[in-house]
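**Student:** I have a structure here, written as structure tokens, and I will follow up with some questions on it.
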Amino acid sequence: MRFGIDADIDAEQARAVAEALASRFREDVTVVSDGEELARASYEGDTGAEASATDAVPEGTDADLGPTEREERLREEIAGIESGGKEKYKSQLPEQGKLFVRDRIDLWFDPDDGADSGDGFLFEDGKFAAFDDDDVLPADGLITGGATFEGRDVHFMANDYTVKRGSMAAKGVEKFLRMQQRALKTGQPVLYLMDSSGGRIDQQTGFFANREGIGKYYYNHSMLSGRVPQICVLYGPCIAGAAYTPVFADFTVMVRGMSAMAIASPRMVEMVTGEEISLEDLGGPEVHARHSGSADLIADDEEHARELVARLVGYLPNNSDEKPPRSDPAEPAKPPKGIDGVVPSEPNRGYDMVDVIERVVDGDSWFELRPEYGEEILTGFARIDGRPVGVVANQPAHRAGAIFPDAAEKAAGFVWTCDAYNVPLLYLADTPGFMAGSGVEKEGILEQGKKMIYATSAATVPKQCVVVRKAYGAGIYAMSGPAYDPESTIALPSGEIGIMGPEAAINAVYARKLDAIDDPEERKRTEAKLREEFREDIDARRMASEVVIDDVVPPSALREELTNRFAFYEGVEKDRPDKKHGTVL
């Protein structure tokens, strides 16, 4: 038996430890540290009454006398595994603001808050992985198992950063794949608690290109996608292959000052490109929250990360066969009667759409995702009368609510995810449409815009569209207007729907007529008249008169209207053409 220790001891101490262990475990023992053999001791065997007392329980004896020496030995082995990697690596965790992985699991599944939540750690798979390896690799650096989180069963994995920096090798990969495959069978969500430096390069022949190797992770991620919620929290630098799990997940949380993800490490980037860059600047939380859009949320610390995920799962079902869980209704955070005062009469004046949302949804239920990315569109979960809904809302406070490529991509992904997990959609439209110009063309406004329109078109969940103020151009299409199979399109009295706004329309249609007017005052009067005539043509009441939209509702009654409509259409089922899948996303 090989026994690894972390302590610095001399040869005499090591020999004493070896002899004690040989006597205790009744077999030959070799004591090693960092792969170096320190001492050996042979087991000489016990005799007489001592041996018979420990080797067997006499027939007819009450077996409830306590654990046998064999069981105690197993428990000590388990304790050794659960103690994690080398002490010198564990001692570094507090400096990095990290918990030891098993303390992290306790935080997630056995929160010491005094509440009878029913949460708890249930079991661990593969605890003895790499137990017989020459190197000391407790659980091969990866913990997988089952637990109860926020009242529901979940599968989980968690890297042990004290074991080879959380890197992955053959046995850990096998555990990871089994967890994913079991999630496909059970239909239960998966939590990935990531803290991994990637694959162990010196052992790649055991897992890298194999049919059941690390590449299978992403195949399984793809099979799980839209079947069960996959939520990933990053606790450290996840590089190369390890960085794909967070981007494949439905939702990704990064921890400020602690986590990062990148396709290659800064050292590799410098070798390949010559660029010198820190890990924070290469792939830290700010990079992925503001620029790539790969991070849905940023947590301040480990406790905050758990709180965010606990809120998130409250809006989601266990799998695509179920409906999202309902909660007790709550009054809005702000009074609905104030909606009309929030929305300016002038179509180009900015305001914060969150002020409208908080007057429509249940109090404290608005939960925004990707808030720093594509800020001209708001995406997030909320509840209306206790029912979870996904909210897609233009944000006039940012870029006048015009839709840029990053916002279109963000909205498309959110709509696609809501539809996968049966979360109804609420669109709040106030946009001049998709942004124009050479810059956005280079950034793929058409490509990203089509994805948003496609996701809206393909969604089969109940949808409600509210024209809050302006809905110009293809903006009304992307925001699930009348042509996009919403259960209802309603408007506030401030609503307008048109190809373009009055100013642009007058310049496009009447430019020559206006240029022919020499008198500035007469031109001004003509412009005002044409503008007013155009606004009447695109006014919500005109649209309701032509039965383009379903109704114009008093702003103070909007919450009640949406409550009734979501309840009425709760069981609606929609058919889409029989095909494998679309080609847009």
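The values are calculated or read from the model by the stated rules, or taken from the named source; none is laboratory data. These numbers come from a predicted model, not from an experiment. Because the Cβ atoms are built from the backbone with ideal geometry, glycine has one as well, and the counts that use them run over all protein chains shown. Accessible surface areas use protein heavy atoms only, side chains included; no ligands, DNA or RNA. Shrake-Rupley method; radii C 1.70, N 1.55, O 1.52, S 1.80 Å.
**Student:** When we measure straight from the Cα of K451, which lysines land under 17 angstrom away, once same-chain ones fewer than 8 places off are left out?
**Tutor:** K410, K442
**Student:** Now, a different point. Cβ neighbours within 10 Å, averaged per peptide: list 560-569, 304-313 in order, most packed at the top. Don't jump to the answer; show the numbers that get you there.
**Tutor:** Values: 560-569: 16.7, 304-313: 18.6.
The packing order, highest mean first, is 304-313, 560-569.
**Student:** Here's something else I'd like to know. Taking the chain on its own, what percent of its Cα-Cα pair distances exceed 46 Å? Walk me through the numbers on the way to the answer.
**Tutor:** Working: 52013 of 170820 pairs.
For the chain, the fraction of Cα-Cα distances above 46 Å is 30 percent.
**Student:** Can you list which of the DSSP-assigned H helices in the chain have a Cα extent of 20 Å or more along the long axis and an average Kyte-Doolittle score of at least 0.0?
**Tutor:** Working: long enough: 11-25 (21 Å, 0.09); 170-186 (24 Å, -0.72); 405-420 (23 Å, 0.03); 520-538 (27 Å, -2.09).
Correct list, ordered by number: 11-25, 405-420.
**Student:** Out of the total accessible area of the chain (probe 1.4 Å, heavy atoms of protein only), what percent is carbon and sulfur?
**Tutor:** On the way: 13650 of 28040 Å².
Here carbon and sulfur together make up 49 percent of the probe-accessible area.
**Student:** Using only the Cα atoms, what convex hull volume per residue in Å³ does region 493-559 have? Provide the component values of the computation, followed by the final result.
**Tutor:** Numbers: hull volume 6.3 nm³, N = 67.
Spread over its residues, the Cα hull of region 493-559 gives 93 Å³ apiece.
**Student:** Name the lysines eligible as straight-distance cross-link partners of K164: C-alpha to C-alpha under 29 Å, and not fewer than 8 places from it in the same chain.
**Tutor:** Those lysines meeting the cut-off are K86, K88, K90, K98, K127, K175, K216.
**Student:** Express the C-alpha Rg of region 393-542 as a ratio against the empirical globular expectation 2.2 N^0.38 Å, rounded to two decimals.
**Tutor:** Working: Rg = 17.4 Å, N = 150, 2.2 N^0.38 = 14.8 Å.
Compactness ratio reported: 1.18.
**Student:** Turning to a different aspect of this structure: Solvent-accessible area per residue for the chain at a 1.4 Å probe radius, Å²? Don't skip to the end; give the middle numbers.
**Tutor:** Details: 28040 Å² over 585 residues.
It amounts to 48 Å² per residue over the chain.
**Student:** With r as the distance between the Cβ atoms of E27 and E346 and R0 = 56 Å, compute the FRET efficiency 1/(1 + (r/R0)^6) and round to 0.05.
**Tutor:** Working: r = 85 Å, r/R0 = 1.52.
It comes out at approximately 0.10.
**Student:** OK, next. Give the distance, in whole Å, between the Cα centre of region 316-331 and the Cα centre of region 267-300.
**Tutor:** Comparing the Cα centres of region 316-331 and region 267-300, I get a distance of 35 Å.
**Student:** Find, to one decimal place in angstroms, the Kirkwood hydrodynamic radius of region 416-471, where the mean of 1/r is taken over every pair of different Cα atoms and then inverted.
**Tutor:** Working: mean 1/r = 0.0781 Å⁻¹.
It is 12.8 Å.
**Student:** Taking each pair of different alpha-carbon atoms in region 209-279 once, compute 1/r for the pair, average those values, and report the inverse of that mean as the Kirkwood hydrodynamic radius in Å to one decimal. The partial results should precede the final answer.
**Tutor:** Working: mean 1/r = 0.0743 Å⁻¹.
Taking the inverse mean of 1/r over all distinct Cα pairs, region 209-279 comes out at 13.5 Å.
**Student:** So what are region 174-317's ellipsoid semi-axes, whole angstrom, largest first, if each one is the square root of 5 times an eigenvalue of the alpha-carbon gyration tensor? It would help to have the intermediate numbers written out before the result.
**Tutor:** Details: eigenvalues 121, 96, 25 Å².
In descending order, the three semi-axes are 25, 22, 11 Å.
**Student:** Within region 243-268, whose backbone N sits under 13 Å from a point 7 Å along Cα→Cβ of L122?
**Tutor:** Nothing falls inside the zone, counting backbone N under 13 Å.
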